[in-house]
Each structure stands twice: as structure tokens, then as C-alpha cells.
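Engineer: Handing you this structure, nothing more for now.
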Amino acid sequence: MLIKKPADLRESDVTDQSLYLRRREFLQVAGSTAVAMATVGGVPAFEGTSTVLHAQNPSARKLENFTKSAFNTDEKMNSYKDVTTYNNFYEFGLDKADPARYSSTLRPSPWSVVVDGQCGKPGTYTIEDIMKWFPLEERIYRMRCVEAWSMVIPWVGFPLADFVKRFQPTSRAKFVKFTTLVDTKQMPGQTEPALPWPYVEGLRMDEALHPLALMAVGLYGEVLPNQNGAPIRLVVPWKYGFKGIKSIVRVSFEESQPLNTWQRVRADEYGFYANVNPAVDHPRWSQASERRIGEFFKRKTLPFNGYADHVASLYTGMDPRKLY
Ligand SMILES: Nc1nc2c(c(=O)[nH]1)N[C@H]1C(S)=C(S)[C@@H](COP(=O)(O)O)O[C@H]1N2
Ligand SMILES: [Mo]
């Protein structure tokens, strides 16, 4: 008879979210900021996490050795199921459930990212190289879609600033442009003219260098599910969700402001900055409140999605009406 010794039990044998949460608490207590991080207002920061247990993807690779971040919100996280079944990823269809249903055709490995434009170290870099260069952090961020829903997601990734600096952008590099894969075999939705392909996004250089901007390679301690933008995607928590471009194959250092996809298709509704601003309505609906996925009552949307203390200074002197 084969009896598993504790040493044979690997983390991948542990698939339920409650264990994931307990492990996170353990990591937290093990960290130097244990006391400050573990309690907020006297309440354990993770006590309110989802009571619904969801199996994570048993075949997904676990990410090891990531550290906790000082930027983590203590708000209740959305369940793994919410995060991976309610998605926008038009390359796989327009319905929120489509990416989870249809993204198995995406092959996140082998994968490489082309870095080009105004920088000292252009080239083509494999995802394995990129993952070796940067230590991983868990970042629990509030995320706000322009469609007035929001989620709290435990991302794993590394600061975009570290990635940018590694390629030594020149003084002419004023913007960073990101491009998603185009491949109708892997992304069948690209046979439809839902959007002009490839999906493109951009940040001003100082935004890209801000410590909150993240290149995510995982969530809930596992490599990114395809529907969330495997194997590497952008996360900018103070901006509307569409800035968070998925499945990135190119990062370009540019002198002029890139034309991002949603501005290109509807410039009257979507701008370049896309900073979360409850005071500026979308032309067809209000941005004053949002529905946290899984909750019934709406909550107020916060300026810069609650990250104003960190990022408002990037925009002093700019017309706030231009921030959408
Ligand atoms: N390539 C690509 N990236 C994309 C999108 C898309 O359609 N294609 N949708 C964006 C929008 S509108 C949102 S709200 C977020 C959703 O990310 P999530 O599904 O991981 O929550 O992805 C963004 N990134
Ligand atoms: Mo979105």
C-alpha cells in the first residue's frame, strides 16, 4: 500500500481557497510587517474573505516565493471563481463568460515579448527569462471596470518600473506602448471585427514608472489563467480596467502618445488616461458608483479607485475632464 508521507505532499495537492488563504496569513505573519498588515482596525485583515470554497485549477502551476506588498488592500477578495469566470477579453468573445469558456486555445508557452523603440536594450525575451529577472510580489488590488463593476484580485507579478528600467529607455521615450498577440487560431474572436486587432494600450513614462503599476504573471498564487491574460499582462489599479492589456507580446518605447484601442474605436467615450473618476460620467452612464462583483448594493467609486494618495500628483495641472 502506498501511503503519502508529508514530504511527498506538494503544494499543488492543495487546491482549495481556504487553504490558500491560510497560507497567505502564514506568509504574512512570517513577514516583518506582520502586526501592521495582519490587523486592520483590530480585525484580522482576511477574516472577511469568501466563505464559498472554490477549487482552483488543479493543473495550474503554483508560483513560489513571492513576497507580500505594502500596497495590498485589506478589502475582501473576490473568489477565484469570480476572478476567472467574469472577464473582458474580446479576443475570445464579448460575453463575460466567454473568455473562461473559449480561451483554452491560447498557448501561453512558448511565449516571448519583443521590446523595441527608444531604448538601449531592444530584443526578444522569453517569458522564462523575464520571470527570472524579477522577484515576484503578491498585490491585492481593487480593480474598477469602466462598465461600473469592480473586484478585488490577488495578483502576482513584478513592478512594471523594474521591467521598463531594465531596457534602458532613452530620453526620447515618453510613452510605453503594449500590444496583445494576434493569432486567429489561438484567439478565435479575432476573426470578428469586434475591435481592431491587435489590442493596444499605453502609459505615459511616469505612469509606467509608478510603483503601483504591475506586470502580472499570476493570481491566487498560480500562473495566470488564460482568460486573465496569460502569460503576462498589465495591471494599473488606479485606471479603468481596459488599460490592463492581456497576453502581451510587445512593449515599445515611444516618443508620442500611443492610440489605445478603446480611444481608437470610440474616442468620444474613451480617452488615453482612463483614470478612475467618479465625478466624470461616461457619456452613456454614471461613474459615481460601482457594483462589486458578488455584492448586491452599490458602493461609491473613489477618485483614482482609492489610490489617489499614491497617484494624484502625477496629474496636477491636468484638466480632470481629460482623465477619463
Ligand atoms: N487584449 C485584451 N486585453 C484586455 C481586454 C481585451 O478585450 N483584450 N479587456 C480589458 C478590460 S475592458 C478589462 S475590465 C480587463 C479585465 O481583466 P480581467 O478579466 O483579468 O479581470 O482586461 C482588459 N484587458
Ligand atoms: Mo473593462
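Engineer: Mind counting the residues in segment 203-236 that are more than 10 Å from ligand 1 (Cβ to nearest atom), of a type outside the set (A, V, I, L, M), under 25 Å from Gly93 (Cβ atoms) and in a strand (DSSP E or B)?
Structural biologist: The total comes to 2.
Engineer: Collect the residues in segment 281-319 that are over 16 Å from Pro211 (Cα atoms), open to solvent by less than 40 Å² (accessible area, probe 1.4 Å) and among the hydrophobic types (A, V, I, L, M, F, W, C), keeping them in residue-number order.
Structural biologist: Within segment 281-319, just Ile293 meets the criteria.
Engineer: Quick check on segment 212-222. Is at least one of its residues closer than 14 Å to Leu181 by Cβ, among the aliphatic types (A, V, I, L, M), in contact (Cβ under 8 Å) with a residue 40 or more places away in the chain and more than 13 Å from ligand 2 (Cβ to nearest atom)? Lay out the reasoning, then the answer.
Structural biologist: Applying the first criterion (closer than 14 Å to Leu181 by Cβ) to segment 212-222 yields none.
Looking through segment 212-222, none of the residues is closer than 14 Å to Leu181 by Cβ, among the aliphatic types (A, V, I, L, M), in contact (Cβ under 8 Å) with a residue 40 or more places away in the chain and more than 13 Å from ligand 2 (Cβ to nearest atom).
Engineer: Do we find a residue being within 16 Å of ligand 1 (Cβ to nearest atom) and within 29 Å of Glu64 (Cβ to Cβ) anywhere in segment 131-138? Steps first, answer last, please.
Structural biologist: To start, the set of residues in segment 131-138 that are within 16 Å of ligand 1 (Cβ to nearest atom) comprises 138.
Going one step further and asking which of them are within 29 Å of Glu64 (Cβ to Cβ), we end up with 138.
Checked segment 131-138: at least one residue is within 16 Å of ligand 1 (Cβ to nearest atom) and within 29 Å of Glu64 (Cβ to Cβ).
Engineer: Can you tell me how many residues in segment 61-91 are within 30 Å of Ala194 (Cα to Cα), out of contact with any Ser or Thr (no Cβ under 8 Å at 6 or more places or on another chain) and assigned to a loop (DSSP other than H, G, I, E, B)?
Structural biologist: From segment 61-91, those within 30 Å of Ala194 (Cα to Cα) are 78-91; that's our starting set.
Narrowing further to those that are out of contact with any Ser or Thr (no Cβ under 8 Å at 6 or more places or on another chain): 80-88, 90.
Narrowing further to those that are assigned to a loop (DSSP other than H, G, I, E, B): 86-88.
So the count comes out to 3.
Engineer: Taking Lys185, is it open to solvent by 30 Å² or more (accessible area, probe 1.4 Å), modelled with pLDDT of 95 or more and part of a loop (DSSP other than H, G, I, E, B)?
Structural biologist: On the way: open to solvent by 30 Å² or more (accessible area, probe 1.4 Å): yes; modelled with pLDDT of 95 or more: yes; part of a loop (DSSP other than H, G, I, E, B): yes.
Considered against the rule, which asks whether it is open to solvent by 30 Å² or more (accessible area, probe 1.4 Å), modelled with pLDDT of 95 or more and part of a loop (DSSP other than H, G, I, E, B), Lys185 comes out as yes.
Engineer: Among the residues of segment 272-323, count how many are in contact with a strand residue (DSSP E or B) (Cβ under 7 Å, 6 or more places away or on another chain) and modelled with pLDDT under 95.
Structural biologist: Number of matching residues: 1.
Engineer: Residues being more than 16 Å from ligand 1 (Cβ to nearest atom) and buried (at least 20 other Cβ atoms within 10 Å of the Cβ): count how many of those fall in segment 156-172.
Structural biologist: Residues of segment 156-172 more than 16 Å from ligand 1 (Cβ to nearest atom): 158-159, 161-172.
Next, from what is left, pick out any that are buried (at least 20 other Cβ atoms within 10 Å of the Cβ): 158-159, 163-164, 167, 169.
So the answer is 6.
Engineer: So in segment 99-111, with the set limited to residues that are away from ligand 2 (no atom under 14 Å from the Cβ) and open to solvent by less than 50 Å² (accessible area, probe 1.4 Å), which one is farthest from Thr179 (Cα to Cα)?
Structural biologist: Applying the first criterion (away from ligand 2 (no atom under 14 Å from the Cβ)) to segment 99-111 yields 100-111.
Now drop any that are not open to solvent by less than 50 Å² (accessible area, probe 1.4 Å), which leaves 100, 103, 106, 108, 111.
Details: Ala100: 21, Ser103: 18, Leu106: 16, Pro108: 15, Trp111: 14 Å.
Once the filter is applied, the top-ranked residue is Ala100.
Engineer: Collect the residues in segment 237-262 that are charged (D, E, K, R), part of a strand (DSSP E or B) and more than 15 Å from ligand 1 (Cβ to nearest atom), keeping them in residue-number order. Spell out the reasoning first.
Structural biologist: Here is the first cut: in segment 237-262, the ones charged (D, E, K, R) are 239, 243, 246, 250, 254-255.
Next, from what is left, pick out any that are part of a strand (DSSP E or B): 239, 250, 254.
Within segment 237-262, Glu254 is the sole residue that qualifies.
Engineer: How many of the residues making up segment 244-277 are under 14 Å from Lys322 (Cα atoms), over 21 Å from the mean Cα position of the chain (by Cα) and either within 16 Å of ligand 2 (Cβ to nearest atom) or open to solvent by less than 30 Å² (accessible area, probe 1.4 Å) (or both)?
Structural biologist: Number of matching residues: 1.
Engineer: Please go through segment 124-155 and pick out each residue that is in a strand (DSSP E or B), open to solvent by 20 Å² or more (accessible area, probe 1.4 Å), in contact (Cβ under 8 Å) with a residue 40 or more places away in the chain and within 23 Å of Leu181 (Cβ to Cβ). Don't jump to the end; show me each part of the working.
Structural biologist: Filtering segment 124-155 for residues in a strand (DSSP E or B) gives 124-126, 137-144, 149-155.
Narrowing the set further to residues that are open to solvent by 20 Å² or more (accessible area, probe 1.4 Å) leaves 124-126, 137, 142-143, 149.
Now restrict to residues that are in contact (Cβ under 8 Å) with a residue 40 or more places away in the chain: 137, 142-143, 149.
Met143, the sole residue that qualifies.
Engineer: Test of understanding: among Arg291, Arg233, Arg284, Arg266, which residue is among the basic types (Lys, Arg), without any contact (Cβ under 8 Å) to a residue 40 or more places away in the chain and touching a Lys or Arg at 6+ places or on another chain (Cβ under 7 Å)?
Structural biologist: Working: Arg291 fails: without any contact (Cβ under 8 Å) to a residue 40 or more places away in the chain; Arg284 fails: touching a Lys or Arg at 6+ places or on another chain (Cβ under 7 Å); Arg266 fails: touching a Lys or Arg at 6+ places or on another chain (Cβ under 7 Å).
Answer to the check: Arg233.
The values are calculated or read from the model by the stated rules, or taken from the named source; none is laboratory data. These numbers were taken from a predicted model, which means no experiment stands behind them. Here Cβ is always computed from backbone atoms with ideal geometry, including for glycine, and neighbour counts include all displayed protein chains. What goes into the accessible areas is simple: the full protein's heavy atoms, side chains included, and nothing from ligands, DNA or RNA. Shrake-Rupley method; radii C 1.70, N 1.55, O 1.52, S 1.80 Å.
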